[in-house]
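Just so you know, all these numbers are worked out from the coordinates, no wet-lab data involved. Computed from a prediction, not measured in an experiment: that's the story for all the values here. Note that we place each Cβ from the backbone using ideal geometry, even for glycine, and neighbour counts take in every protein chain shown.
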Amino acid sequence: MATADVSQAAGLTEKLAEQAAAYSYRSLPVDAATVAKHCLLDFLGVTLPGAQEPLTEILRAEAYAEGGAPQASLIGSDQQVTASQAALINGSASHALDYDDVQMHLSGHPTVPVAPAILALAEQHRLSGEQLIAAFVAGVETECRIGAAVSPSHYQRGWHATATIGTFGAAAAAANALGLDAAQTAMALGIAGTQAAGLKSMFGTMCKPFHAGRAAASGLMAARLAARGFTSRPNVLEIEQGFGETQSDALRAEAALAEPQGGSHIRNTLFKYHAACYLTHSSLEAAHSLRKQHNIAPQDVQAVKVLVDRGHLRVCNILEPQVGLETKFSLRMTTAFALTGLDTARIETYSDANATRPDLVALRDKVSVEVHNKPAAQESEVVIDLASGNSHSATANVAIPASDLDLQWEKLLAKFHAIADPVMGHGRASELAAAIADLENCENFAEVAQLMRVH
């Protein structure tokens, strides 16, 4: 496989480090700070049920066996562990259900590698809400810019960008929170880059959510080591045999440094309202729409065709999922869920039982997935042929950032309560949501962190 041409990217790491170090709350656009709180609310919401998953129980058991100083809270439990352990476990829990936010420039999930690192650090060092928000935005902007630089080839090569590029985001966020200067931040990015890993072949297993936690912990460690004078290459992205050359076909500095639409990358964060891989969401919306509009019953369906971008086939096309986690990465099964009328926003829908339920399997087997030639990669079309001889089709594209941020908060708040209330109760969940809504006025995040615990 050819290595990337990095000759036009001189100074890229340094420029991104300078930007990351310069972020402060006062410098943020208002909508960027607002969406940051949306991301954090959604992160906490998806982490609470994720903390009850078997993979999180395993990671907690390992941390307890390892021991360490109680520095940061484990979300959804009553325990504290070291900050690095908290970043690892909370990050893994947050991605366990694949219900977290998405960013197209990153080709992945922006919040789950960054938030666990900065929340652990903010609790340990008693940072203010303003410091936390600024550091979080610094991390998301950095990872999205690096994502733009190595896309689309990085993801196409089989790297899970949430894991690999997310490590840079966590490092940038932690470096900002620790007050590192640009030179130290460049070192942190180098330390992050040499740890960055995560394979797409692990999708549908416990390793995919583990990627997010590992990125958070590795990025946090990178910044802490840089603060102590640990050295790396200060040009990890563009150096020969560096991240860009080895992990992509082209390192596009101009894409990384371009002004994002709306003034910030975080403003273009996309949130999930179905508890499955984001690349299934457009077809889910189309299938739900067809079922409701034409009053389609499963027994009426003769054949279903789902038309998607070619890239979807390498991400969410598990043809015959055998367990619940695999159904989240199956265009065929998620379409069957929608056409059966199951609530695809509910975590419980993606169960081991539903993966092999005979009527769902029978409907799944009527679904075929084909490639379309539409210019919008996130647009999907669903065509249903009925036994009556009629045929109906619908197209949807969920990859459009919300224009009404107040409405987005209300939708995310409803989602938050739907998944957080069963874990911690409505009253405590309401307290936590209110604290995030007012985060910029928080003087000591350790006080908010107490609300993340479940006794």
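Against the longest principal axis of the chain, how steep is helix 54-66, in degrees 0 to 90 to the nearest 10, with axes from Cα atoms?
Result, in degrees: 20.
Find the percent of Cα-Cα distances in the stretch 77-139 that exceed 15 Å, and round it to a whole number.
Roughly 53 percent, once rounded to a whole number.
Using alpha carbons only, what's the Rg to Rh ratio of the stretch 11-125 with Rh from Kirkwood?
Using Cα coordinates only, the ratio equals 1.01.
How many nm is it between the label spots at Ala22 and Asp300, if each spot is 7 Å from the Cα in line with the beta carbon?
Calculated label separation equals 5.8 nm.
Between helix 111-125 and the chain, what is the angle of the helix's C-alpha long axis to the longest principal axis, kept within 0 to 90° and rounded to the nearest 10?
40 degrees
Would you mind classifying the stretch 38-81 by shape? Square roots of the alpha carbon gyration tensor eigenvalues, ordered a ≥ b ≥ c; an a/c under 1.5 is rounded, otherwise it is prolate if a/b is larger than b/c and oblate if not.
Note, shape of the stretch 38-81 comes out oblate.
Got a sec to turn the phi values of the stretch 264-275 into Karplus ³J(HN,Hα) couplings, 6.51 cos²θ - 1.76 cosθ + 1.60 with θ = phi - 60°, whole Hz, x for Gly and Pro?
7, 6, 5, 4, 9, 5, 10, 10, 8, 10, 10, 8
Taking GluC sites (Glu not before Pro) as exposed when DSSP calls them loop (any state but H, G, I, E, B) and at most 13 other Cβ atoms lie within 10 Å, what is the longest stretch of the chain free of them, the sites themselves excluded?
No qualifying site falls inside 1-239, the longest such stretch.
Rg over Rh of the stretch 219-347, using C-alpha atoms and the Kirkwood radius, what does it come to?
Rg/Rh: 1.14.
Can you tell me the relative contact order of the chain? Whole percent, Cα pairs under 8 Å, sequence separation 6 or more.
Relative contact order here is 21 percent.
Find me the longest stretch of the chain that has none of the exposed chymotrypsin sites (Phe, Trp or Tyr not before Pro), where exposed means in a DSSP loop (not H, G, I, E or B) with at most 16 other Cβ atoms within 10 Å.
Looking at the chain, 1-229 is the longest stretch - no exposed chymotrypsin sites (Phe, Trp or Tyr not before Pro) with at most 16 other Cβ atoms within 10 Å.
Return the Cα extents of the chain along principal axes one, two and three, sorted largest first, each rounded to a whole Å.
71, 54, 42
Measure up Lys374/Lys415; Lys200/Lys272; Lys328/Lys415 against 27 Å on the Cα-Cα distance and list the ones that go over.
Lys374/Lys415
Grab every C-alpha pair in the stretch 278-397, bin the distances at 5 angstrom width from 0 up to the longest one, and report whole percents.
2, 13, 26, 26, 20, 11, 3, 0
Determine the calculated [θ] at 222 nm for the chain from helices alone, applying -39500 (n - 2.57) to every DSSP H run no shorter than 4 residues and normalising by the residue count; nearest 500 deg cm²/dmol.
Result for the chain, helices only: -16000 deg cm²/dmol.
DSSP loop (so not H, G, I, E, B), at most 13 other Cβ within 10 Å: list which trypsin sites (Lys or Arg not before Pro) in the stretch 170-230 pass both filters.
Arg228
Calculate how steeply helix 405-424 sits against the longest principal axis of the alpha-carbon atoms of the chain, using the helix alpha-carbon long axis, and give the answer as 0 to 90 degrees to the nearest 10.
Around 90 degrees separate the two axes.
Using alpha carbons only, how many angstrom separate the centre of the stretch 187-232 from the centre of the stretch 68-100?
15 Å
Let me check I have the definition right: for the stretch 323-455, take the eigenvalues of the Cα gyration tensor, multiply each by 5, take square roots. What are those semi-axes in whole Å, largest first?
Output for the stretch 323-455: semi-axes of 38, 21, 12 Å.
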